[in-house]
Amino acid sequence: MTVDISARLAEVMPGIRRDLEDLVRIQSVSADPARAGEVERSAEATRDLFAAEGFECEIVRAHDGAPPAVIAKKAGPEGAPTVLLYAHHDVQPENDHADWDSPPWEPTERGDRLYGRGAADDKAGIAAHLGAVRIFGDDLPVNLVMFIEGEEEVGSDTLVELLEAHKERLAADVIVIADSGNWDIGEPALTTSLRGLVRMDVEIRTLTHAVHSGMWGGLVPDSIMTLSRVVASLNDDAGNVAVEGLHAGPAADVEYPEARLRAESGAAEGIEWIGSGSVVERLWTKPSVSITGLDAPKVEGASNTLVPAARCRISMRIAPGDTTANAVQCLQAHLEKHTPWGATLTTTVVDTGEATQIDASGPAYDAARAAFAEAWDGTAPVDMGVGGSIPFIAEFLEAFPQASVLVTGVEDPDTRAHGANEGLHLAEFEKVVKAEALLLRNLGELPR
């Protein structure tokens, strides 16, 4: 039976919208132990949605007390390929409600968007999978496996255990990871590279105890000034990362207009960009070093005292093709080399995540590009890099090396995932659902 995807899309979207809104109302903040019950409720709601579509569903966890994930399976035609659809049902904290223009846990439509925490990242990923399933009903063109994770927003600590424990159930020919985004409204994308991450805490100590700045300033180096020199050494005068031994590579030939760049980045008026090379190289395929935290006395109430120790947190993004082991080694060597005046350097690796480079060729990618172009009325998808890190993608590639991994998503440049007023562009979301259904159709038509 041939399914009229466009007609079925119009029929299923109202119900998908209602189900998405119900998911958004569940406060599944995995970083908040007080809301662990909400994370459980979110897993149960996700399970029930797919069970209602005829899937065999189970809530699984790596061990007692670990976050809940959902595995669901439904058979398609005999001999058809198996497709694993991934999303996650946990969300980021909403933080200060005063920063939101509408309540974060009450989905609210304003203009062309649906606002709420998780409305895009990543409960819309769940809803997109559900929409594609409902379009086909019991006439699936492929065998489907759902894997809906419950701890992505806190680092997927038990994901490797889950993949190993359920490897046979999760094995697939194609894996679709719906946790990224598109290049712009009206311009779809396939994410083919992501930078990795190294976070390191750095402490500089110059004194055994605080001393008077008037009595000892000019002879004894204070820790804040010393740490400032170390931090300043991480970039050259042009703003390029000055840590030796890190990998960098070319990026896709994609234009990032200056006006859009300034609007999306939130750069203050008059700020100049740092680094060299194309914009997308600097954002996607070259390393970056940022300071995301600083421990030092506040300006207000500061005394005339030389502080004995100061700390900062370094967030280093590493380019596809590099490894976290190499990056940690290079960063450590750089810090040791550039710590002046005999100060004591102490470093602690907080966490790491590997970079990803996907070979975006082959029949599955051909099927995806055709599906996206059809859903977006002839606009072909961009092969896009992402400057941020999704370390679990590397874990999927390692666990299932024979599978084609497609990284897609519902986000756009103004989604504001993780921030206040997170919003889903509703017209683009409908195209995402249609594209996934078309992809499943195309995969089912591949030679067996």
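The values are calculated or read from the model by the stated rules, or taken from the named source; none is laboratory data. Computed from a predicted model, the values in this text were never measured in an experiment. Heads up, the Cβs are rebuilt from the backbone with ideal geometry, glycines too, and the neighbour counts pull from every protein chain shown. The accessibility values were calculated without ligands, DNA or RNA, using every heavy atom of the protein model including side chains. Shrake-Rupley method; radii C 1.70, N 1.55, O 1.52, S 1.80 Å.
Here Gly409 meets each of (1) assigned to a helix (DSSP H, G or I); (2) modelled with pLDDT under 95; (3) in contact with a Ser or Thr (Cβ under 7 Å, 6 or more places away or on another chain) with one exception, condition (1). None of Glu336, Glu272, Glu354 is open to solvent by 60 Å² or more (accessible area, probe 1.4 Å), charged (D, E, K, R) and touching a helix residue (DSSP H, G or I) at 6+ places or on another chain (Cβ under 8 Å) except Glu354.
Taking first residues from region 291-320 that are over 15 Å from Gly353 (Cβ atoms) and partners that are in a loop (DSSP other than H, G, I, E, B) and open to solvent by 30 Å² or more (accessible area, probe 1.4 Å), the Cβ contacts under 6 Å between residues at least 6 apart in sequence or on separate chains come to Thr305/Ala210; Leu306/Asp222; Val307/Asp222; Pro308/His209; Pro308/Ala210; Ala310/Ala296. Considering (1) of a type outside the set (S, T, N, Q); (2) open to solvent by 10 Å² or more (accessible area, probe 1.4 Å); (3) in a helix (DSSP H, G or I); (4) touching a helix residue (DSSP H, G or I) at 6+ places or on another chain (Cβ under 9 Å), the lone condition that Ile59 does not fulfil carries the number (3).
Restricted to region 374-393, and to residues that are of a type in the set (A, V, I, L, M, F, W, C) and within 12 Å of the chain's Cα centre (by Cα), which residue is nearest to Thr285 (Cα to Cα)? In this case the residue turns out to be Val386. Leu219 meets the conditions (1) more than 23 Å from the chain's Cα centre (by Cα); (2) assigned to a loop (DSSP other than H, G, I, E, B); (3) surrounded by 14 or more Cβ atoms within 10 Å (Cβ to Cβ); (4) of a type outside the set (S, T, N, Q) in every case but one. The failed one is (3). Here Thr108 meets each of (1) open to solvent by 10 Å² or more (accessible area, probe 1.4 Å); (2) farther than 30 Å from Phe400 by Cα; (3) in contact (Cβ under 8 Å) with a residue 12 or more places away in the chain with one exception, condition (3).
Given (1) more than 30 Å from Val328 (Cα to Cα); (2) in a loop (DSSP other than H, G, I, E, B); (3) touching a residue at least 60 places away in the same chain (Cβ under 8 Å), where does Gly131 come up short, assuming only one miss? Here Gly131 meets the rest and fails (2). Selection over region 31-56 of residues that are crowded, with 20+ Cβ neighbours inside 10 Å and either more than 18 Å from Ala171 (Cβ to Cβ) or free of Cβ contacts under 8 Å to residues at least 12 places away in the same chain (or both) gives a count of 7. The residue list Arg134, Arg113, Arg117 contains one member that is in contact with a Gly (Cβ under 6 Å, 6 or more places away or on another chain) and of a type in the set (D, E, K, R), which is Arg113. Does any residue of region 94-104 turn out to be of a type in the set (D, E, K, R) and open to solvent by less than 10 Å² (accessible area, probe 1.4 Å)? So far as region 94-104 goes, no, none of its residues is of a type in the set (D, E, K, R) and open to solvent by less than 10 Å² (accessible area, probe 1.4 Å).
Please tell me if Arg369 is farther than 23 Å from Pro287 by Cα and at pLDDT below 95. Judged against the criteria, Arg369 is not a match. Scanning region 1-30 for residues that are touching a residue at least 60 places away in the same chain (Cβ under 8 Å), hydroxyl-bearing (Ser, Thr, Tyr) and either assigned to a helix (DSSP H, G or I) or closer than 13 Å to Phe136 by Cα (or both) yields one hit, Ser6. Flag: Ala252 matches the condition of being surrounded by 14 or more Cβ atoms within 10 Å (Cβ to Cβ), in a loop (DSSP other than H, G, I, E, B) and in contact with an Asp or Glu (Cβ under 6 Å, 6 or more places away or on another chain). Within region 279-311, the set of residues being assigned to a loop (DSSP other than H, G, I, E, B) and open to solvent by 50 Å² or more (accessible area, probe 1.4 Å) comprises Pro297, Lys298, Val299, Glu300, Gly301, Ala302, Ser303, Asn304.
Once region 222-231 is narrowed to residues that are assigned to a helix (DSSP H, G or I) and within 9 Å of Leu306 (Cα to Cα), the residue that is most open to solvent (accessible area, probe 1.4 Å) is Ile224. It is to be established whether one or more residues within region 93-102 are in a strand (DSSP E or B) and out of contact with any Phe, Trp or Tyr (no Cβ under 6 Å at 6 or more places or on another chain). So far as region 93-102 goes, no, none of its residues is in a strand (DSSP E or B) and out of contact with any Phe, Trp or Tyr (no Cβ under 6 Å at 6 or more places or on another chain). Taken as a whole, the structure leaves Val386 outside the set of residues that are open to solvent by 60 Å² or more (accessible area, probe 1.4 Å) and in contact (Cβ under 8 Å) with a residue 12 or more places away in the chain.
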